[in-house]
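Report on the following structure.
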Amino acid sequence: MNPFERMVKRYQTLPKVDVTQGRSIAFSRSITRRLMELIDANSHGNVHGGVIMRMVDEAAAIVAIKHSQNPTVVTARVERFDFLAPAFIGDVVSVHCEMRYVGRTSMEVGVEVMAEDVITGEVRHIASSYVIYVALGANRKPTPVPPLVPANDEENAIIEQARIRRIRMQKIDEEAKQAKEIKD
C-alpha cells in the first residue's frame with residue numbers, strides 16, 4: 001500500500017468529535033525544533049524567511065489539528081508575521097505555538113519563533129505570528145470545532161486579548177472592504 005492510500009484509509013473513518021467539550025490552551029500547545037542547515041540559508045548564512053514561515057505553518061497546523069481532532073485544517077490567514085532578528089546556519093530554531101482564540105470553525109494560533117546558538121547557549125526571539133486555520137469536514141466545507149476554555153486566569157487573559165484583537169481585525173477588514181467598494 002503506497003503512503004497516500006494508507007493516509008486516505010487512515011482518515012476515512014474518524015472518531016466523532018464532541019464539539020461541546022471545550023479544550024484548554026495547554027491541551028494543544030506544541031514546540032517544534034529543527035537545526036538550520038546550509039540548504040536553509042542564503043549566501044550570507046542567514047536562514048531564509050520562507051523557511052521560517054513554512055516551519056511556522058507546519059507547527060501551528062499541529063496545534064489546530066490537535067485542538068480540533070481533525071486532520072483537515074487549512075491556513076485561512078496569516079494575521080501578521082513579524083521578523084525581529086535573523087537565524088543562522090547552525091542555529092536550532094524552535095517554533096512555540098498555542099491556541100489563542102477559537103470561533104465556530106476557525107482557530108487562531110499564536111506563534112513565537114526562537115533561535116538558539118547551541119555552542120554559546122544564546123537564545124534569540126526571531127519572529128512572531130498569528131495564523132488562522134479553518135477545519136474542514138468530509139465535504140471540504142468548514143466544520144465546527146470544540147470551544148477554547150480557559151484552564152486558569154492566565155489562559156483566560158490570553159483568550160480575552162485574542163478576542164479583542166479579533167474584533168479589532170474584523171473592524172479593519174470591514175473598513176477595507178467598504179473602501180474597496182467605494183473605489184470600485
Spacing of the two label points (7 Å from each Cα toward its C-beta) at ALA26 and ALA138, in nm: 3.6
When GLU175, GLU58 are ranked with the fewest other C-beta atoms within 10 Å first, the list becomes GLU175, GLU58
Specify which residue in the list GLN161, GLN69, MET55 is farthest towards the positive end of the charge dipole of the chain, using unit charges on the beta carbon of Lys, Arg (+1) and Asp, Glu (-1), about the Cα centre. GLN69
Tell me which lysines have Cα within less than 20 Å of LYS171's Cα, excluding those fewer than 8 residues away on the same chain? LYS180, LYS183
Total charge dipole magnitude, the chain, about the Cα centre, Cβ charges on Lys, Arg, Asp, Glu only, Debye to nearest 20: 920
Within straight-line cross-link reach of LYS66, aspartates and glutamates at Cα separation under 17 Å, skipping those fewer than 8 residues along the same chain: ASP18, ASP57, GLU58, GLU98, GLU108
Would you work out the relative contact order for the stretch 17-183, in percent, from Cα pairs under 8 angstrom that are 6 or more residues apart? 27
Under the span-like rule (Cα at least 18 Å along the axis, Kyte-Doolittle mean at least 0.5), DSSP H helices of the chain: 49-68
Which aspartates and glutamates, on any chain, are close to LYS177 with Cα under 18 Å apart, when same-chain ones fewer than 8 places away are left out? GLU79
Which one is right for this structure if Cα Rg over 2.2 N^0.38 Å is calculated from it: (i) 1.05; (ii) 1.16; (iii) 1.00? (ii)
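Throughout, read-outs are computed from the coordinates displayed, never taken from laboratory work. Quantities reported herein were computed from a predicted structural model and do not represent experimental measurements. In this analysis, Cβ positions are derived from the backbone assuming ideal geometry, glycine residues included, and neighbour counts consider all displayed protein chains.
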